[in-house]
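Colleague: First the structure, then my questions, so here it is.
The values are calculated or read from the model by the stated rules, or taken from the named source; none is laboratory data. Remember, predicted model here, so these are calculated numbers, not experimental data. In this analysis, Cβ positions are derived from the backbone assuming ideal geometry, glycine residues included, and neighbour counts consider all displayed protein chains. Remember, those area values only see protein heavy atoms, side chains included, never the ligands or the DNA or RNA. Shrake-Rupley method; radii C 1.70, N 1.55, O 1.52, S 1.80 Å.
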Amino acid sequence: ATPRPVTAGYTLELTSLGVSAPIVFEPTTSITKITDALNRGVVHYVNTPDPGDWGVSIIVGHSSKPRGYYGKYAYTFSKLEKLDEGDTFRIIKDGVPMTFRISRKAILNPGTPDAAVLAELENPTGKSVILMTCWPTGSASKRVAVRAELVE
């Protein structure tokens, strides 16, 4: 497959948190390249479907400013844990909005992930998105993840 341009016309809008950020499509699983892409927005994980397609799309973002960070999206997901089940957000694709409703929120330990929680989050039951970041803010000890389903 031909890699798409990193600016693929997608924007994430978490209006309740005052967040708007481009979604960067990094075509590799290289941590170095994903980290670099986070300087330009939030990052779509390459081995997952595009937002709005069937399956579970994973989007990661920073919750605090890591050492050496030079972008303006360091705190994009700093308040992600404030989102609750039933809250909505939008992803804009080429000017067309898609609304997602949060169905699940979880705190995970990255060193020893809770396999059952992770499996539940990633179970493809429709057109879903998982937003994930380090947690608590300023730490990389855990991850907060919210799963949302496409509603319109």
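Colleague: List every residue pair whose Cβ atoms sit under 8 Å apart, with the two residues 6 or more apart in sequence or on different chains, where the first one lies in the stretch 15-28 and is of a type in the set (Gly, Ala, Ser) and the second, anywhere, is in a strand (DSSP E or B).
Modeller: Pairs found: Ser16/Phe89; Ser20/Thr11; Ser20/Leu12; Ser20/Glu13; Ser20/Leu14; Ala21/Thr11; Ala21/Leu12; Ala21/Val42.
Colleague: I need a count of the residues in the stretch 83-93 that are part of a loop (DSSP other than H, G, I, E, B) and buried (at least 16 other Cβ atoms within 10 Å of the Cβ).
Modeller: Adding up the residues that qualify gives 2.
Colleague: Another question about this same structure. Please find, within the stretch 121-152, the residue that is modelled with the lowest pLDDT out of those that are within 11 Å of Val56 (Cβ to Cβ) and open to solvent by 70 Å² or more (accessible area, probe 1.4 Å).
Modeller: For the stretch 121-152, the residue satisfying everything is Glu122.
Colleague: Please work out which residue is modelled with the lowest pLDDT, limiting yourself to the stretch 59-82 and to residues that are crowded, with 17+ Cβ neighbours inside 10 Å and among the small types (Gly, Ala, Ser).
Modeller: Ser64
Colleague: Sticking with this structure for a sec: Among the numbered criteria (1) open to solvent by 20 Å² or more (accessible area, probe 1.4 Å); (2) touching a helix residue (DSSP H, G or I) at 6+ places or on another chain (Cβ under 7 Å), which one does Val56 miss?
Modeller: (1)
Colleague: Suppose we filter Thr28, Thr35 for residues that are hydroxyl-bearing (Ser, Thr, Tyr) and part of a loop (DSSP other than H, G, I, E, B); which single one remains?
Modeller: So the residue among Thr28, Thr35 that is hydroxyl-bearing (Ser, Thr, Tyr) and part of a loop (DSSP other than H, G, I, E, B) is Thr28.
Colleague: How many of the residues in the stretch 12-43 are within 13 Å of the chain's Cα centre (by Cα), open to solvent by 40 Å² or more (accessible area, probe 1.4 Å) and either on the phi > 0 side of the Ramachandran plot or not hydroxyl-bearing (Ser, Thr, Tyr) (or both)?
Modeller: 2
Colleague: Only one of these conditions is not met by Lys65: (1) part of a strand (DSSP E or B); (2) charged (D, E, K, R); (3) closer than 22 Å to Ile107 by Cβ. Which number is it?
Modeller: So the condition that Lys65 fails would be (1).
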